[in-house]
Structure formats: C-alpha cells, structure tokens
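Student: Got a structure here, written out as structure tokens. Questions coming.
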Amino acid sequence: MRAELIERWQTVDGQRRRSELLQMGLRGNWPEALSGFVATSELGDNPRDLRGIDLSGQDLASADLVRARLDGARLDSSGLEYAQLDLATLTGASLRLARLNHASLHACVALGTQWDDAQLEGTRLTASNLTGSSFRRARFRGAQLEQTILLNADLRNADLRDARLFLCDLEGALLTCVQWNPPRPVGAARHSAREELAHRADGGCRHRASGSRRGHAGDTLGAAR
C-alpha cells in the first residue's frame, strides 16, 4: 500500500470527503463524493476508490460496496451486516472484529487480509480469492464458501459449523481446532474430503494441546474437492 493512498484521507479535503461518505452510509451515489480526489483517476472507469481509508468502528450496514477498491483499508470493528461487497478488492485490508453477518462478497479478491474474530455468519464468500488471509476465531456458521480459494489461509479456532465448503481450495490452510460439523455429503468422493478435513482439524487440536511441532505441520490440508 503506497503511503500517499493513506495520507490523502488525512488531509482537510480527505477528511471532508470521508465525512460525506459516512453521512451517506456508503449507499446511493456515494462515489460522486470522490470526484477529483487524489489518485482516483488511476482506477479508470471505477470511481469506487476507498483504498487506504480508515472506517474502523463505523456502522455501515447494508452499504453498497460492489466493485469497491478497499485495498489496505481499515474496517476493524465495523458493522457491515447485509453489505454488498461483490467483486470488491480487499487485499491487505484489516477487518478484525468486523461484523459481516449475511453480507455478500461474491468473487472478491482479498489477499493477505486480516479477518481475525470477524463475524461471518450466513455470509456469502463464493468464488472469492482469500489466499493468505487470517480468519483466526472467525465465525462462519451457515456461510457459503463454494469455489472459494483459501490457499495458505489461517483458520485456527474458526467456527465452520454448518458452513458450506464445496470445491474450496484449502491447500496449506491452518486448521488447528476448527469447529466443524459437515452435513451428510452426497457422493463418496466428497465424503472422503470432508472426513479428511474433520480428521485433520481434530488431530491438530490434540497436537496443539500437547505442544508438538509436528502437529502444526499436520494442520495443513490439500485442496478439498
């Protein structure tokens, strides 16, 4: 994240624009408030440039963030329930303790993003690339993660009960102490993948308790197909 993309929000002009965005709740024609703002022209025909913004602790329920660029943004402890973030980019952003229950994040790109302790219950994360992201203690109950890439993601102590993970790539993911109760699968191949995920998650929990270094290596899992 370039320093200028963060510093622009700290100027008088940046603070004024941020206030306007918050007054609108990031709904309606909020991109108009960014017309002529520093570096927005870099994104061509996409005026939804929120790169580097700090929206920590803000109530943004039902926000319209479709196609928004939120690279490097701070959204810690923010309320994004029912928000629309389809096709958004959240690479390098921080959403620790954020509330995203029932939000839609279809086809998002969020590489190396921090989601620790986030609430993602009933959230749609289908076809998204979440490579290298951290979801420690995140709550995914009832979430949809079909065809989601979770390569090298950190899911330790996450709650995945009742979540749907179909055709997800979990290669290299850390799964220590994941809470997992998959529904009865249809087909033996899917059954094997799900049983392996549950087995390794449970095994990782035992290894962690004993302090075995070998157990951490066993917390990784190949692609679940």
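Student: Restricting the stretch 59-79 to residues that are surrounded by fewer than 19 Cβ atoms within 10 Å (Cβ to Cβ) and among the polar types (S, T, N, Q), which is nearest to E20 (Cα to Cα)?
Tutor: S62
Student: Residue by residue through the stretch 31-90, note down the ones that are among the hydroxyl-bearing types (S, T, Y), within 17 Å of A110 (Cα to Cα) and in contact with a helix residue (DSSP H, G or I) (Cβ under 7 Å, 6 or more places away or on another chain).
Tutor: none
Student: Which members of the stretch 139-185 meet the condition of being charged (D, E, K, R), at pLDDT 95 or above and over 22 Å from S104 (Cβ atoms)?
Tutor: D154, R156, E171
Student: Regarding L111, is this residue assigned to a loop (DSSP other than H, G, I, E, B), surrounded by fewer than 19 Cβ atoms within 10 Å (Cβ to Cβ), under 11 Å from the mean Cα position of the chain (by Cα) and free of Cβ contacts under 8 Å to residues at least 24 places away in the same chain?
Tutor: yes
Student: Also, I was wondering about something else. Determine if the stretch 80-102 includes at least one residue that is at pLDDT 95 or above, surrounded by fewer than 21 Cβ atoms within 10 Å (Cβ to Cβ) and among the β-branched types (V, I, T).
Tutor: No, the stretch 80-102 contains no residue that is at pLDDT 95 or above, surrounded by fewer than 21 Cβ atoms within 10 Å (Cβ to Cβ) and among the β-branched types (V, I, T).
Student: When you look at D54, is it more than 12 Å from the chain's Cα centre (by Cα) and surrounded by 19 or more Cβ atoms within 10 Å (Cβ to Cβ), yes or no? Before the answer, list the steps.
Tutor: On the way: more than 12 Å from the chain's Cα centre (by Cα): yes; surrounded by 19 or more Cβ atoms within 10 Å (Cβ to Cβ): no.
No.
The values are calculated or read from the model by the stated rules, or taken from the named source; none is laboratory data. Values in this document were obtained by computation on a predicted structure and should not be read as measured data. Positions of Cβ are generated from backbone atoms using ideal geometry, with glycine treated the same way; all protein chains shown enter the neighbour counts.
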